[in-house]
Amino acid sequence: MGTDYLLRALLAGIVLCGTSGCGSEPSPRTVVIVVFDALHAGHVHHLGYERETTPHLDRLAEEGVTFLRALAPTPYTVASTASLMTGLVPQRHRVLRSFGSHLKPLGVTIAETLHDQGWQCFGGTANANAGKLTGITGGFDQWVEAYEGKGSGDVPFLPRGDGTFVHMVAPDWWVGHLGEILEQRDPKRDAFIYLHMLQPHSPYAPPQRLLSQFADPDYISSWSDEEEPTGFRAGSTSPLVRANKGQIPMTEADREYTRALYDASLLWADEALGGMVSLLRERGQWDSTWMVVTSDHGEAFWQHGLWGHNDQLYDEMLHVPLVVRAAGDALPKGARVPGLVSPMDIFPSLMQWLNLPLVPGLDGQPLDQAIHGAGVPNRSMVLQTNGNRPEVGRTAEGSKLIVGRAEGDGVRVERYDLAQDPMETAPLAGEPDQQAVSSLVALMGSLEGYIASEFQRAEHLRTLREHLKLQLAAELALDQAMGVLGLSIPTGHAQRELRAGAGDQADVSALLDALGYGGDTEK
């Protein structure tokens, strides 16, 4: 920790003594992390975007520190959010897919660490890939899966296998939820609050009052068919996915309308951020609040031929905003910090800023080094895409190397000089560093094998779940037959009817408990 950092802390203590008296108890601290899902830094106004999409985030940046080159380690939610929570690269925490990857015991989270230090921890997500399914919710005293449907304005948009729907939660719901948290928190304890909004992630369905600020009022979709009679429109992702597959055409007007939908969705989320800040001010908690705003990954708009995220390692899918506003004067205000950083640096940074024990072995690096110009010498990051055959890469301050599969089992290699070609439009010619390529090829092959084994494991768990349901039904039938004959039912069997009521939603652990086996199928 640098001398100037300690000096600022000392001065802050003197100021506090002068205003409230050195004998009074300090205000409990609050840390709020707000995640905008799928927010590419290139669409943030204070980072250079021409449209005023983020007025409240821009104002927050004036009170805090903006990191100009923050990269997510992956362009998809499951792995990237686990990295934010654990400070580990995806290849170490191994929460790589949404069909069964589970964090424990491979990582310790921010919430678990703060909870062990006596903090109250509250969290919630509007994205099913950033919640309980992946095991990142440990340590939270309260956790809300908002996509299950929590507000009167929620829009069910994606069917699930159990007959329910994934809901799109309006950003302003999170303001009300934060208000509930502030009411529930113990006023004498520090609190950690994690809020993961869906917007500006698709389906882009912003209010018309916001869309009208960016969209051409005369826009008419260039295409429609029986499946999508209205063509490209707000709230529909299917045409964009089909266009990615080359199944339908898109004009530049269609693409511009899509960008307008995204920007309006971002402005909608930014309004909620402003509401959160206002709420903390009204409750008298803003002065003792640390607020971090970032994203899990970016969003592409055909810079390299695709819309969306998941599938490429170019910066539009990886470059995210990262703004940190400190309580008091612990960090400089309005600073703009260059250098390669990542959302997985948030974990070790909070531990340092809050004067808590650092967790050993993290891949994330304390951001104080970048703020004070030291940085991490020769820092680089390993990258990977989603999918059964992921692309992998390594990026440093001014370069990027990408390795993927060519036809068959061939290897495709791309290199970029980011200083001369920040948009990654001109791959470098010549032979790459063969050792660097070989190491990435080996990683790619290992990931393919690991993901294949995860598929097999998931299939095994599905089969086990079905067998356990059948066995539970048979056990219940036998219990009922015994009851008709007046025979006593074995101890503990009365709980089976409660478990059976869970139906398809009962998980393997619950079924094992119901059958009296206990234990964890993961083991």
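In this calculation the C-beta distance from residue 457 to residue 423 is compared with R0 = 45 Å, giving a FRET efficiency of 0.65.
What number comes out for the charge environment of residue 399, summing +1 per Lys or Arg and -1 per Asp or Glu over other residues with Cβ under 9 Å away? Result for the neighbourhood of residue 399: +1. Please find the FRET efficiency linking residue 434 to residue 376, where r is the Cβ-Cβ separation and R0 is fixed at 25 Å, and quote it to the nearest 0.05. E between residue 434 and residue 376, to the nearest 0.05, is 0.45. Packing, taken as the mean count of other beta carbons within 10 Å per residue, orders the peptides 463-470, 336-343, 79-86, 234-241 from highest to lowest as 79-86, 336-343, 234-241, 463-470. When each of the peptides 347-357, 317-327 is scored by the mean number of other C-beta atoms lying within 10 Å of its residues, the order from highest to lowest reads 317-327, 347-357.
Readers should treat all values here as calculations from the given coordinates under stated rules, not as data from a laboratory. Note that this is a predicted model, so its numbers are computed, not measured. Because the Cβ atoms are built from the backbone with ideal geometry, glycine has one as well, and the counts that use them run over all protein chains shown.
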